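Have a look at the structure below, then the notes.
The values are calculated or read from the model by the stated rules, or taken from the named source; none is laboratory data. Small disclaimer: the values here were computed from a predicted structure and weren't measured. Using ideal geometry, Cβ is built from the backbone for each residue, glycine included, and neighbour counts are taken over all protein chains shown. Surface areas here come from the heavy atoms of the whole protein model, side chains and all, with no ligands, DNA or RNA. Shrake-Rupley method; radii C 1.70, N 1.55, O 1.52, S 1.80 Å.
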Amino acid sequence: MKFLIRRVIFYVITAWAAVTLNFFIPRLLPGDPVQSLINKYQGRLSTDAIQSLYVLFGLDKDSSLWDDYVKYWAGLFRGDFGISFTYFPTPVSEIISQSLPWTLLLVGISTILGFVLGTLAGVGLGWRRGTWADGLLPVANFFSAIPYFWLGLIAISLFAVIIPVFPASGGYEGGLIPEFSGQFIGSAIYHGILPALTIVISSIAGWILSMRNMMVTVSSEDYVTVAQAKGLPERTVMFGYAARNAVLPSISGFALSLGFIVGGTLVTEMVFSYPGIGFTLFQAISSKDYPLMQGIFLIITLSVLVANMAADFAYALLDPRTRQEG
């Protein structure tokens, strides 16, 4: 129980610090987002309208930074992230709710699939070290060094231009209306295959290498040798003893990966023009869109914190020693 209380207090304080930084950092960026909005409308806004925009976005000079900070917290408790500058007058919460599902499905499925396949392959390679399987390691090293965007560009060139099997961009066929129908879902899956494939290939190699190295280390431990001496089945020793302990360091990395699922793979979404939250964040940064940046950063931060908390508890279940620290 003490372990649980300590971790909860830690994450509550961390969440408060993250939200506070989330409020101040965008306001330290140079530039005037309202001026960008004025330029967008090419001077068709009156002086009164411009002043109203400053007041609406909380950028008027009559309001102190502390007042804005208090209003920001009050808005968060109401679920109000403000009005987007870029998509004015659309609320930030609506924009996030439209782009978040795309990222969760694409990056979420790809990340989980890459972790599961990479971990299982790493277990097998580590357990059977010194065999022909070691010949796969150079291939894994090669793919682990390839950035997402570079692999994405190659995939587009090969499978969308030279061999036009998959579309090069977008999340669904143009002209379709996003709805829960077979035609739209099929189109979304078809458009997501190529970016998902690049994410899986780029991430799976890292999981293979890390798990293989840990399996090599754990396989020489005394408890593994004793289990083998007892005549236990090889599969039981490999998964029940070696892999169970070797996977512990990967859990933290996987938890971070799950947390950053919400942030999406920014460059990958840009390369494929995929309508996820990562591409939306890029547009918000380009437009100095404080409310949208803050809303997305907040969702990403809380996702990472929740994922780390889940990893802590999972780690404690797998390794009881962690519950006794301190």
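Observations on the model:
- The range 263-311 - residue that is among the charged types (D, E, K, R) and open to solvent by less than 40 Å² (accessible area, probe 1.4 Å) and, of those, nearest to ILE96 (Cα to Cα): ASP289
- Top-ranked residue in the range 187-224 [being among the charged types (D, E, K, R) and assigned to a helix (DSSP H, G or I); ranked as surrounded by the most Cβ atoms within 10 Å (Cβ to Cβ)]: ARG212
- Look at (1) on the phi < 0 side of the Ramachandran plot; (2) open to solvent by less than 30 Å² (accessible area, probe 1.4 Å); (3) touching a Pro at 6+ places or on another chain (Cβ under 8 Å) and you find that TRP102 fails only one, number (2).
- The set of residues from the range 278-301 being without any contact (Cβ under 8 Å) to a residue 60 or more places away in the chain and under 18 Å from GLY171 (Cβ atoms) comprises LEU281, PHE282.
- Within the range 106-146, the residues that satisfy the criterion of being within 14 Å of SER257 (Cα to Cα) and open to solvent by 40 Å² or more (accessible area, probe 1.4 Å) are ILE109, ILE112, LEU113, VAL116.
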